[in-house]
Amino acid sequence: MKKIILFLLIVMPFFSFAQNEKVTWDYPIKPGSKEWLAVSDFSKRLELLNIPAPLLKKMSTEELVKSCLNYPEYRLIFTRNDLQSGYNFIRSSFNGFVELESRPDAGKELVKVYAGYKPDGFDLNATDLEIGNFICKITYIEILMAQTEILNKLNPADSKELMTMCSQKYKVKKDRQKYYGGIGLQTTALIIARQQSKKLINAKIKHGDQKINAFINSLTFDDIGLLDDLVMENDKILSDGL
Amino acid sequence: MKTNNYIFRNLIFILFLLLTAITANSQGTIQTPMGQTVSVRNNWDTAPLIAAWESAAAQWIIDHTSDAQKKGPATSHYNCHSYAWNVVEGGSSSDKWLDQLVDGNSNLSKYWTNDAYTSTQYAADHEKVFYGADDHSAVTTATTGKVWSKWG
């Protein structure tokens with residue numbers, strides 16, 4: 001009996017370590033590398049970026065969020081007609097997004113990361129490329145958070161926190177519209193539009209259901225005023241405690 | 001006096017019609033070769049975004065050792081559909097983002113519905129290709145398998 005206890009005392013710390021080991025995925029085969037170029041088929045190359053299934057299931061949601069945001073082919077979202085179509089494409093190529101969408105705490109973890117994104121956090125003297133890359137990073141996290149599978153899993157408190165955050169960040173972006181343009185503003189408004197879609201009565205009266213739905217579904221808009229109105233109505237919903 | 005009023009009222013009406021026509025045009029429509037109206041949307045890009053897209057596209061070509069050739073600068077003034085069906089034919093490239101559907105209704109397909117283009121199984125040089133499943137358009141070249149198109 002003493003031997004068994006002694007054995008457990010020796011083994012248990014190792015077991016706990018194994019349980020708590022941080023599983024990470026930093027894309028061992030990077031685009032442009034020798035191993036990458038050895039595969040000629042485009043879709044097979046994208047498969048090289050996938051997280052092996054046993055690792056994927058062991059990864060914490062926190063680590064999975066990091067891997068998704070660092071997905072090397074995130075840039076492909078700009079090659080489609082709209083950012084949702086772009087996201088649909090990279091989601092169909094990378095298993096990390098599919099797994100993240102299935103995690104009940106995906107939204108919560110994303111909100112934590114998103115809180116650290118400051119839309120005015122770029123140097124006004126920086127080059128266009130530096131500012132553009134900065135804006136793209138915000139676009140990446142926002143289009144991910146705007147997925148209904150992720151938004152639907154937020155609890156009311158986290159949802160309220162996110163809506164407050166989106167309004168604040170939108171206004172900061174709006175003050176820098178010269179840099180963000182409608183493309184940089186749209187994803188913040190999209191999160192709001194999708195999460196508050198049932199409560200956007202005034203925006204629907206003013207712009208019509210069809211225009212609001214077109215924006216929610218495929219980010220179609222003719223007028224930045226529509227985005228402004230969504231944010232304004234979000235503020236009202238929050239202040240009325242609805 | 002009555003005559004003056006009549007002329008004035010009609011002048012106002014004509015000016016109103018002209019203004020409506022100009023406004024409608026600036027709000028986003030173009031014409032197919034046979035005169036059907038197609039809706040287009042405005043550009044919302046900025047210099048920093050263009051710089052980021054240019055860099056990403058150039059890096060993508062390197063990462064994939066792609067033989068894609070850059071034909072023009074990045075822009076969100078027009079998309080693949082507008083490039084293939086409008087810009088290549090000499091149409092305006094300013095604020096001309098052309099969606100396949102508008103409010104769920106046909107928009108792009110007007111080009112080949114009772115219009116100048118007909119569907120064919122074999123594409124020769126400088127013809128249009130519409131990839132329905134991918135929501136994409138391109139223009140063929142003399143080389144089989146090579147097309148000109150716009151990313152995004």
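The values are calculated or read from the model by the stated rules, or taken from the named source; none is laboratory data. Just so it is clear, the structure is predicted and the values come from calculations on it, not from any experiment. Quick reminder, even Gly has a Cβ in these numbers, built from the backbone with ideal geometry, and neighbours come from all protein chains shown. The protein model used for the area step is the full one, side chains on, heavy atoms only, and it has no ligands, DNA or RNA in it. Shrake-Rupley method; radii C 1.70, N 1.55, O 1.52, S 1.80 Å.
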Fill in: Total accessible area lost when B and A pair, probe 1.4 Å, Å² to nearest 100
2500
Fill in: Rel. contact order, % - alpha carbon contacts under 8 angstrom, at least six apart, chain A
16
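Suppose all protein chains stay in the model; what accessible area per residue would a 1.4 Å probe give for region B:32-148, in Å²? Mind showing how you got there, number by number?
Numbers: 6160 Å² over 117 residues.
Solvent-accessible surface per residue comes out at 53 Å².
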Worksheet, complete the sentence: Here the net charge surrounding A:Leu100, from other residues whose Cβ is less than 15 Å away from its Cβ (Lys, Arg +1; Asp, Glu -1), is 0
Response to the item:
Among region A:208-222, those whose backbone N falls under 19 Å of a label point 7 Å along Cα→Cβ from A:Asn88 are A:210-221
Worksheet entry | Accessible surface of chain A [probe 1.4 Å, protein heavy atoms]: carbon and sulfur percent | 58
Response to the item:
The extension gain from A:Val23 to A:Asn202, computed as 0.36 nm times the residue separation minus the Cα-Cα distance, is 59.8 nm
Worksheet item: Mind checking the angle between helix A:83-93 and chain A's longest principal axis? C-alpha axes, 0 to 90 degrees, to the nearest 10.
Response: 20
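Let me check against my output: what whole-number percent is the relative contact order of region B:32-148, with C-alpha pairs under 8 Å and at least 6 apart? Don't skip to the end; give the middle numbers.
On the way: 145 pairs, mean separation 30.5, N = 117.
Reported relative contact order: 26 percent.
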Discussion item. Given a 10 angstrom Cα cut-off, can you work out which residue in A:Ala203, A:Ala38, A:Ala106 is the most mobile in a GNM of chain A?
Written reply: A:Ala38
Practice prompt. Pick out which of A:Glu130, A:Glu149, A:Glu109 has the largest mean-square fluctuation in a Gaussian network model of chain A, springs linking Cα atoms closer than 10 Å.
Written response: A:Glu130
Discussion item. Tell me the net charge near B:Gly35. Cut-off is 12 Å between Cβ atoms, B:Gly35 excluded, with +1 for each Lys or Arg and -1 for each Asp or Glu.
Written reply: 0
Item to complete: May I ask you to rank B:His64, B:His77 by accessible area, largest first, using a 1.4 Å probe over the protein chains only?
Response: B:His77, B:His64
Response to the item:
Ranked by GNM mean-square fluctuation in chain A (Cα springs under 10 Å), the top entry among A:Leu37, A:Leu226, A:Leu162 is A:Leu37
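Expressed as a rounded percentage, what relative contact order does region A:66-183 have, with Cα pairs under 8 Å and six or more residues apart? Walk me through the numbers on the way to the answer.
Numbers: 70 pairs, mean separation 33.4, N = 118.
Contact order relative to length: 28 percent.
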Fill in: Tilt relative to chain A, helix A:209-218 - C-alpha long axis, 0 to 90 degrees, to 10
30
Worksheet item: Taking the alpha-carbon centroid of each part, what is the distance from region B:111-152 to region A:101-122 in angstrom?
Response: 41
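Rounded, prolate or oblate: pick one for the protein assembly as shown, where a ≥ b ≥ c are the square roots of the eigenvalues of its C-alpha gyration tensor, a/c under 1.5 means rounded, and failing that, prolate if a/b is larger than b/c, else oblate. Write down the numbers at each step before the final one.
Numbers: a/c = 2.53, a/b = 1.52, b/c = 1.66.
It is oblate, given that a/c is not under 1.5 and a/b is not larger than b/c.
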Discussion item. Using helices alone, I'd like the mean residue ellipticity at 222 nm for the protein assembly as shown: each DSSP H run of four-plus residues gives -39500 (n - 2.57), total over residue count, nearest 500.
Written reply: -16500 deg cm²/dmol
Fill in: Neighbour-limited loop hits for chymotrypsin sites (Phe, Trp or Tyr not before Pro), region B:120-152 (at most 12 other Cβ within 10 Å; DSSP other than H, G, I, E, B)
B:Tyr122
Worksheet item: To the nearest 10 degrees, how steeply does helix A:156-175 sit against the main Cα axis of chain A, on a 0 to 90 scale?
Response: 60
Worksheet item: Which pairs, out of A:Lys112/A:Lys174; A:Lys236/B:Lys150; A:Lys44/B:Lys150; A:Lys112/B:Lys70, put more than 31 Å between their alpha-carbon atoms?
Response: A:Lys236/B:Lys150; A:Lys112/B:Lys70
